[in-house]
Structure formats: C-alpha cells, structure tokens
1. Looking at region A:606-629, which of its residues are at pLDDT 90 or above, surrounded by fewer than 10 Cβ atoms within 10 Å (Cβ to Cβ) and hydroxyl-bearing (Ser, Thr, Tyr)?
2. Within the bounds of region A:464-476, is there any residue that is closer than 30 Å to A:ASP327 by Cβ and of a type in the set (S, T, N, Q)?
3. Consider A:ALA603 against the criteria (1) open to solvent by less than 80 Å² (accessible area, probe 1.4 Å); (2) closer than 29 Å to A:LEU293 by Cβ; (3) at pLDDT below 90: it satisfies all of them except one. Which criterion is unmet?
4. Have a look at B:GLY46, B:GLY53 and point out the one that is in a loop (DSSP other than H, G, I, E, B) and modelled with pLDDT of 90 or more.
5. Of everything in region B:152-169, what is within 17 Å of B:GLY93 (Cα to Cα) and surrounded by fewer than 19 Cβ atoms within 10 Å (Cβ to Cβ)? Give them in sequence order.
6. When you check A:PRO383 against the structure, is it open to solvent by 60 Å² or more (accessible area, probe 1.4 Å) and closer than 25 Å to A:LEU534 by Cβ, yes or no?
7. For region A:574-610, how many residues meet the condition of being farther than 24 Å from A:ASP373 by Cβ and among the aliphatic types (A, V, I, L, M)?
8. Residues that are open to solvent by 50 Å² or more (accessible area, probe 1.4 Å), among the β-branched types (Val, Ile, Thr) and farther than 21 Å from A:GLY53 by Cα: does region A:491-502 have at least one?
Amino acid sequence: MSLSDALRAEVLLGAVAVVVAVLAPSRRRSVLAGAACTLLGLAGVVAGVLAAGGARGGLRVTPFGAATGYLPSVAPALAPDRLGGVFIALAGAVGAVCALAGIGYAHGAAASRTGWSAFALFLLGMQLVPAAADVVTFALAWELMALASTVLVLAEYARGPGVRSAGVEYAVLTHASFGLVLAGFAVLAGHAGSTSFAALAAARPDDRTAGVAFVLLSAGFATKAGLVPFHVWLPRAHPEAPGHVSAAMSAAMVKMGVYGLLLVTVRLLPGGPTWWGAVLLVVGAASAGYGVLQASVISDVKRLLAYSTTENVGLIVTALAVALLLDGAGSPAVADVALTAALLLAVSHAAVKTVLFLGAGAIVRATGERDLDALGGLEARMPVTAAAFGVACLGAAALPVSSGFVAEWVLLQALIHGPGRAHLVVAIALPVAVAVVALTAGLALLTFVKAYGIAFLARPRSVGAEQARDAGPMMRAGLVVGSLVVLAAGIAPGPLARALAATVDAHGIGTLPGWGLDLPAVQASLDPLALLLLTAASAVPVAVLGVRAARRRPRRDVELAWGCGGVRSAARMQYTATSYAEPLVRVFDDALRPSRDLQVTHADESRDVERRVEFRQRVGDVIADRVYAPAVAALFRASRAARRLQNGSIHTYLGYAFGAVTVILLAVTW
Amino acid sequence: MIPFRLAALIRRTGRVAEPVPAGPSTRGAPAGDPFVPPRELAGSVGVRHVDAGSCNGCEIEIAQVFGPVYDAERYGARLVASPRHADAVLVTGVVTRNMAEPLRRTVDATPRPRVVLAVGDCARDCGVFAGGYGVAGAVDDVVPVDLSVPGCPPEPEAIVSALRRVTGR
C-alpha cells in the first residue's frame, strides 16, 4: 500500500463516516459511526507510519474536477513529510481508541447525528493538518478541526450556562490563534512568493521577517497547544466536552499546536537566533510549572487533567527550546537528544492522556460525580478502569515502567549533559530548565497520587461512588489498548525512540539488544526490560517465601479495622483531595491566590453563640482572573461606548456619509 | 564536663530497683491454676492496657510496676499502644456497659496467641461495684480471662509476678 493510497483511503473513510453518522438509525448510530471513525483512525495510523518511514506520495484534491476555473488556488494538496507522518499516526491512533471507547460512551447529545458527524470531521481534520503541503490546505484542515471541535464542546449545551460560555471562550481563542497563524504564514509567503511549504522552507527570509513570522506563528500555535498565558480555554473547554471527545482533544488536538511549533522551528525556519529558543524556553517552563501547580490543587478531575495537559505541553516545548539553544550553541549531538525527548514526550503524553480522560469519563458516567472529594473506593467497583487509570497515572507522574519515565529521562539526560563552556544564555537556561523539570516532576507525582488515591482507594465518599459499576466493554477495550501502549513504550523504548529520531534527522539515538535505549552522545543508556526482569527475579522468590511462611498459620479475616475500640469507618474521616493539597495551597499562596470566604451566622440571643459556619475556598486561574477578565471587561466598556456612534438617527448617518465623502475627495485631490 | 557530672550522679544514686527474686514466681496464683503460658510468648510480651471502668487505683499500681522501682521491663514485659502490636491485654476495672463492646473489639484485634490478664478485684468479680446500674459484669463475663490478680488495688509485686508467669523470666 502506497502513501497516496493510504491518504485517499483516509479521506474516503472520513466521508463515509460522516454519511454513516447522518443516515444511520439512532439505535445503531453509535456502533456504526464509531466503527467508521475507528477505521478512519486506523487508516491514519497506516498513512502516518508509511510517511514517517520515509515513503513519498501525496494527494491533490481537485474540487469540481477539471473546472478549476471556479476555484483557482483552492486545491488542497496533501504531501506529508516524515515529521508530519509521526503526528498523523499519533492523531490516527488517538482517534481510533477514542472512537472505540465512544461506541460505548456516547449517549444523549454526543450520540446524535451532529455529535458523530462532528467527531468524524474532527478526526479527519486532525489527521489532515500534519499532511498539508501548503498554507491553504493547512488552513482548511485547521479550520475543519477547530469548527468540529467547537461543535463538540457545545454538544451538551443543555447542561448549563457554563458549557455555553466555555464554548464561546474556546471559539474566540481558537480563531484568534488561527488569525495569528495565518498572519505569520502570510508574512513568510509574501517573502517567498508561494504558499507551498517546500517553497517556504527553501526561501531564506531576512532576520526581521523571520522574527516577525516566528512571533506570530508561535503565538498562534502556543494558543492551540495550551501554553501559558494563552491556556485559559483549556481548563474550561476540555471538561465540558463529552468524555471521548475531551480525550481526543487533549491527546491529539493539542499536539497539532506542538506540530506547528516544530514545523516552524525545525522545517520552515531552521537555525534561528538564540532569542527564539529563549522565548520558547520561558513559555514552556512557565507552562510546565503553572500547569502542574494548578493541577495539584484542583479537585475537579477533568479540570485537573486539563491543567496536566498544559504541564506536559510545557515540557515538550521546553525540550524543543533546549534543542534549539543547544543547536545554536554548537552541540548538535545533545540537541538531537533533546529533540528526540520532545517527540517522545509528545507520543507518551498522547497515550497517557487518552487513557486518563477516558477513565475520567467512565468515572463521571458511573458515579455522576466530577469532584474528587465525592469519589473513593472505586478500585473494588471498577477494577479494569482502576488498573488502566493506574497505569496512566504512572505515565503522567513519570514513574518507571511507563513511557513518561523514558521521555523525561531522555530530557533530563539532554539537560544535564549540556556543553560545559557555551553562550551565556545557554549557560543560564540549562540549570533553570533542570530545576523546572524537577519541580514539575515532583508536583506531578503528588497530583497523580492524589488523583488515583482519592478517586479509587479507600472508601466511597458519596452515594454515587458507592453505586458505581465498571464501564462497558467498548470503553474497557479503549482503556486497555491505551494502557498497553503506555506500558509497551515504557518497557521497550529503543525502537520507538530510534524511529522518532529518524523523522527529524536526529543522530545518536540507538537501541540496546532487548529493546533498551542507548544515547551514545551523552553516554547514557536505559534498559527497562532488563531492570524489570532483574527486579522480578529478586522479588518473586522473596514474595513466594513470604506467602508460604504466612500460609503456615490459618488466615483470619478481619472485618473491622482497629479504631480504638470504636467504629472509625465513617467515610467523612478520610482525606479529601482538597485536604491532601492544602499544604500546597499554603506554600504557593502567592502564585495561586486562593479566595477564601468565611460566613458566620450568630444565634439571635447572643453574638457569642454561633448557629452556622460556612467556609468557602476557591482556587481560580490567576491569569484568567487578573489578565483576561479585566481585558475583556475593558473591551466590553469600549464597545458600549462605541455604541453611542450608532444612535439610530438617520441624520447622524447621513452626516457620517457626507463627512466620509468630503474626506475622500480632499484626499484624492490633494 | 556533663558526662562527669552524670557519672557522679549515677554513683550517688545507686540502684533503686527492687532485687530480682530467684526463678519465676508463682505468688498470687491459686493452687492448681491451669494457666499455661503460650510457648511463643516466652521471653518478651507486649502488653496493651484497657481500662474497662476502673477507679484508677489499679492504674496507679500498674504505673509503679513499669516505673524504676519495680521495673517490669527487665522481665520482658512492655506497654504497647495498639492491640495489634500486643500479645497480652491487661484489663482493669469492672466492665461498664459502654466499655463492653470496645473491650471485646480490643481483644479481637489482638493477634493470637494472646493472653488476657484481669488485674484487681473489680476485674475479677466486680469488687465494690457489684450490682451497680452501669455495670455489665466482670471481665470474665465479656472476654475469656487467662490470668487474674486479686487485690484492691493489688500490690505491684503481684502484678509483676503475673507478668513473669507469662514471660517466664
């Protein structure tokens, strides 16, 4: 199968999926449309793997056949390069798993004709963005992705006004990012004289043009990727979307922003000045730190995962920035390692976030609760979901045996083995980056211990949690597939890392026998499989001996935990997510600015007797509250003031027209 | 400077603890007592004390038993905080109605092999509180008792010899 055939199959399957979604009867719609979307995703995986392996090929969609006179320059051209292939495969795999889970998950508004056709178009758009060969195709695919996802975010609008305002915020910011990206591409295309990426890459713009284009394009792609300070839409939009949709958005759509940044810095404008890398490093490090800090103090499980996405994308951009800085400072070998780390982080995060969001969707469906403070004891009631979520938490916290560990290990190796004597900026940037990555790793561990422990362990804290039942077979299938990918990439990282490195021409990534990862450029190697076997070889005999020794005495089942003679088993006497994170809220008080409100109602008879005490704590998004809210308020004030120009009087309007004609006549004749 | 002053203080004070009688004492145990201490507890025993409703007279004596004069730790008996860490449960006082269930739970939480000691007249047969409205019974009415120490309150030496019967030291 050639790349062109795979791309053609993708587009056809996309059209088929939309048709199926519209025509299928409502009882069978989820199954048929979900199956079609799964096939679409798998086609994307095939196309992406072929493209990443170096296959050449393309597709030119000519609407209206030979009558191109109607639409001269709108002829979408798809010709993915190796880097694009990686992201097509990523979007395809995530889409396939989410569609599979969606068969079981979608209900109500998400299972409607609009819901499934928008999902099919969303998957298609995500897979076409990295395949675009010129600016116009890129823009068309980007808009398809953005509009379809806006529809999906608004799918459950009937749930409340929060969904509607989240959808509006998402639409506005996504189109602002689109505008910035188009402006940046316009600058480059104006200089190069053509809109195809090959021409843009070949043209060598001067420093000022390149700088302006870089700023516009990075701002646009950073908004899409959810980097600070453009991230405010992420924690509002992702939780409001249906479960399988937020998984696809967080795992794959955000990666399109990352793909854009890679496109700009690696393919279109390689070898940029040092300040580009410095800017990206500041943005990436700030996102990583801020994202994980917010995630660690939030108790709404889907908002927590959304902020964790910001953190991970921040880490990816940090790795990319370090690669750029090191390349400019003359250490291309270590820069290659950093760039491979960025790609590994992207792939790992996609797998991990898919499982986490699907798991969160399963929890919300089963218990009806979104707040961690109302969950608990789900491990016994939802064993498969708990196991998959646990593996994904390992990956998100970058603990061994998971793909997240491998990716962060590679990143830290690149940071630690930077050049000894280098440019001042690089010499400051690398230790700062190490500090940020270390802080992020620690807080991420805390966040996911909280997420898994409070939700799944101990005892249920509400009626909904008590009555939870495990997810349906399709959702379980999606969760299991995702967690197997996380484990596989963590135990056998060598082949994956080498394949990813080859797509960006990074040298110095090798494999050890037994699928381990070897980095000769920094003299480091990682062999998780060997470590796992060694641990098993030493732990299994100890475990067997221990169990055998314990079996010698008859086992006595304990009904009640020791509670000092009483019954200390009320679920209210457990940790909640808020109490677990309270030390962090105290320590990072200045960065989080929580608002606290204490209401005391006194008894009528005396002020010394309290009848009711109510305490409220809210940790909001500092940037949304202190930057965006005042800016939006000022914009509304200005618009209200400008409304006075439109007072409805015909005389005023005639006066405006007269004034305009006078000005034009004066300007023309002067 | 300080170590020398400490050494001088030790020399001045001398030994306060009572001398150890030879061999495990059977004082306080009635003749023909069928109690055989479990083999596994020989040498050292963790003791969890439960006050089931006493007047605190027996508690003061138990405090002396584990103090420097009678020093039961040299015979291997040690007070522990949780019944999960204990080998023996030391119960004082008559069992009041509120403490019957907690006492049962405490003994249930103690891993086997375990020994239950009832210390004081109230624990053995309700003592002066027999027939009170808040009294559920003697300790033997609630949990099976292995060894009891009579007295109101019992002498510290009697409590020590009961503990020595369990540890065998």
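1. none
2. Pass one, region A:464-476, residues closer than 30 Å to A:ASP327 by Cβ: none.
Taking every residue of region A:464-476 in turn, none turns out to be closer than 30 Å to A:ASP327 by Cβ and of a type in the set (S, T, N, Q).
3. The one condition A:ALA603 does not meet is (2).
4. Values: B:GLY46 fails: in a loop (DSSP other than H, G, I, E, B).
That would be B:GLY53, the only listed residue that is in a loop (DSSP other than H, G, I, E, B) and modelled with pLDDT of 90 or more.
5. Result: B:CYS152, B:GLU155.
6. On the way: open to solvent by 60 Å² or more (accessible area, probe 1.4 Å): yes; closer than 25 Å to A:LEU534 by Cβ: no.
For A:PRO383, the condition - open to solvent by 60 Å² or more (accessible area, probe 1.4 Å) and closer than 25 Å to A:LEU534 by Cβ - is not met.
7. 2
8. First, the residues of region A:491-502 that are open to solvent by 50 Å² or more (accessible area, probe 1.4 Å): A:495-496, A:498-499.
In the following step, the residues that additionally are among the β-branched types (Val, Ile, Thr) were identified as none.
Checked against the condition, which is being open to solvent by 50 Å² or more (accessible area, probe 1.4 Å), among the β-branched types (Val, Ile, Thr) and farther than 21 Å from A:GLY53 by Cα, region A:491-502 yields no hits at all.
The values are calculated or read from the model by the stated rules, or taken from the named source; none is laboratory data. What you see is a predicted model, and the numbers here were worked out from it, not measured in a lab. Reconstructed Cβ throughout: ideal geometry from the backbone, glycine too, with neighbour counts over all protein chains shown. Note: areas computed on protein heavy atoms with side chains; ligands, DNA, RNA excluded. Shrake-Rupley method; radii C 1.70, N 1.55, O 1.52, S 1.80 Å.
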